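The values are calculated or read from the model by the stated rules, or taken from the named source; none is laboratory data. Predicted, not measured: the structure shown is a model, and the values here were computed from it. When we count neighbours, we look across all protein chains shown, and the Cβ atoms used for this are built from the backbone with ideal geometry, even at glycine. Just so you know, the surface numbers come from the protein's heavy atoms only, side chains and all, with ligands and any DNA or RNA stripped out. Shrake-Rupley method; radii C 1.70, N 1.55, O 1.52, S 1.80 Å.
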Amino acid sequence: MRILLSTWGWRSHFYGLVPLGWALQAAGHEVRVASHPALVPAITSAGLAAVPLGADVDFATAFAGRIGAVGALDRATDEPDDTPDDTVEPAITADGGVVRFADALLDDLVGFGRSWRPDLMVWEPFNLAAAVAAAALGVPGVRHLWGPDSSVTLRLDPEPVLGPLAGRFGLAAADVDLAGALTLDPVPPPMQVPATGPTRPVRYVPYNGPAVLPPWLHRPPDRPRVCVTAGTMMAGAGLDDRLDLPRVVRAVAGLDVEVVVLVEPAQQAALHPLPGNVRLVDSPLALRLVLPTCAALVQQGGAGTTMTALGLGVPQLVLPQVSDQHFNAERLAVTGAGAWLPGGRAEDDTLRGLVGELIADGPWRAAAALMRDRVHAMPAPAEVVPALVALAAGTRS
């Protein structure tokens with residue numbers, strides 16, 4: 001079979017597709033990953049074949065003024081309204097960044113599809129170009145979720161958003177199924193929200209990009225280790241100042257712990273000077289290699305970061321700032337495997353106290369272990385390959 005994976009926007013969008021790409025390749029299928037040219041290094045470094053298409057779109061520019069806190073998820077109804085002033089309506093609009101990325105990729109994606117003739121297309125959430133291309137090519141599509149399905153919080157009016165894209169190929173908005181014929185879901189209950197179409201569980205296998213194992217990870221830490229990270233998107237979208245990472249790091253370092261800080265290179269200079277019990281990682285180091293040695297994680301709430309810790313059984317404190325980070329934080333809290341604090345209530349003492357609870361051998365750790373076991377009980381990517389092949393073969397026949 002020929003399987004065309006399609007990814008957009010940012011490398012963390014692609015990371016969730018990588019283990020499935022490996023599984024498909026290992027089963028003997030031809031796999032290509034179509035995306036904007038800027039994502040080629042991320043794709044090829046994962047050992048998959050990249051197909052650069054369309055034009056690059058700068059993430060920060062495309063979403064300027066359109067990424068903010070989701071107020072409705074940021075507070076309880078009986079609490080004072082401390083919603084930040086930059087809140088935005090959770091919606092995909094015809095002039096928004098999601099459509100701009102789709103517009104820059106779509107024509108070349110359909111053109112490549114007509115030439116290569118894939119049997120199946122797989123895409124990640126909000127990849128409008130891939131869904132339209134699958135409809136234009138008459139190819140079955142599979143949506144691969146990267147975490148809790150935050151699309152339930154978004155407004156999307158099909159006619160103004162999908163209509164112009166689909167119309168290029170003589171299609172109507174109703175001809176495009178954003179969820180595809182099947183959704184692969186890596187999120188175990190109770191963290192996931194109810195599905196709206198056919199789904200199949202698949203184990204979340206962490207992949208966070210290239211990694212080099214440093215000597216200090218060859219042995220266990222001398223005291224509890226806490227990882228602090230801001231993920232990949234915040235710095236890339238020009239939003240790294242929202243989290244106030246230096247203050248967060250200093251607050252956690254007030255505990256009797258070793259703090260390991262994983263941030264993008266552009267964020268490192270602002271962290272100095274650092275307390276003596278803080279280790280700033282300045283080489284390629286994947287979160288999946290650090291977290292098994294950690295007692296807790298403090299992070300921004302990105303889906304990849306949250307799911308990596310969930311699969312490794314590490315209690316988490318989420319400090320959400322924008323977009324689906326709030327949704328991921330709320331869904332994590334339902335499991336008991338982590339807590340979250342909105343920006344207005346993340347004072348140093350509160351933050352430090354919660355981290356102190358997370359590293360203890362108590363209910364947070366027990367819940368995190370339970371969720372880890374639920375993740376591991378889900379079918380591995382290799383186990384879902386036959387179902388995808390059957391879906392493609394049904395259309396081919």
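Here the label points at A360 and A38, each 7 Å from Cα along the C-beta direction, are separated by 4.5 nm in the simple model. The range 291-305 and the range 96-117 have Cα centres spaced 33 Å apart.
Model label sites at D348 and D56, defined 7 Å from Cα along the beta-carbon direction, differ in position by 4.0 nm. Take every pair of alpha-carbon atoms less than 8 Å apart whose residues are at least six positions apart; their mean separation over the length of the range 295-397 yields a relative contact order of 28 percent. Counting only protein heavy atoms and a 1.4 Å probe, the chain has 39 square angstrom of accessible area per residue.
Considering only the other residues whose Cβ falls under 12 Å of the Cβ of L351, what net charge follows from Lys and Arg at +1 and Asp and Glu at -1?
Values: positive: R247, R250, R345, R352; negative: D244, E347, D348, D349, E357.
Taking every other residue near L351 into account, the sum is -1.
Counted residue by residue at 0.36 nm each, then reduced by the alpha carbon distance between them, the extension gain from A377 to S283 reaches 30.6 nm. State which helices in the chain qualify, where a helix is a whole DSSP H run, it must extend 27 Å or more along its own axis by its Cα atoms, and its mean Kyte-Doolittle hydropathy must be at least -1.0. Those that pass (Cα extent of 27 Å or more, hydropathy at least -1.0) are 97-116. Pop out the carbon and sulfur fraction of the accessible area of the chain as a percent, whole number, probe 1.4 Å. Carbon plus sulfur share of accessible area: 53 percent. From helices alone, the chain scores -10500 deg cm²/dmol at 222 nm; the rule is -39500 (n - 2.57) for each run of n ≥ 4 DSSP H residues, then divide by the residue total. Quote the relative contact order of the range 84-197 in percent (integer), defining contacts as alpha-carbon pairs under 8 Å separated by 6+ residues. Contact order relative to length: 29 percent. In this Cβ point-charge picture (+1 for Lys and Arg, -1 for Asp and Glu), the range 206-319 has a dipole of about 200 debye about its Cα centre.
Between L274 and D175, the C-beta separation translates, for a Förster distance of 51 Å, into a calculated FRET efficiency of about 0.40.
Using a simple spin-label model with pseudo-atoms 7 Å out from Cα toward Cβ, V212 and T196 lie 4.5 nm apart.
Under a Cβ-Cβ cut-off of 14 Å, what is the net charge of the residues other than M371 that fall near it, where Lys and Arg count +1 and Asp and Glu count -1?
Values: positive: R203, R331, R365, R372, R374; negative: D373.
That sum, taken over residues with Cβ under 14 Å, equals +4.
Near V290, once Lys and Arg are set to +1 and Asp and Glu to -1 for all other residues with Cβ below 13 Å from its Cβ, the sum equals +2. Recomputing Kirkwood radius over Cα pairs in Å from the coordinates shown identifies the correct label among (i) 22.7; (ii) 23.5; (iii) 21.6 as (iii).
Quick one: compute the contact order of the range 131-273, relative version, from alpha carbon pairs under 8 angstrom and 6+ residues apart, as a percent. Each step should come with its number before you reach the end.
Working: 145 pairs, mean separation 28.6, N = 143.
Across the range 131-273, relative contact order equals 20 percent.
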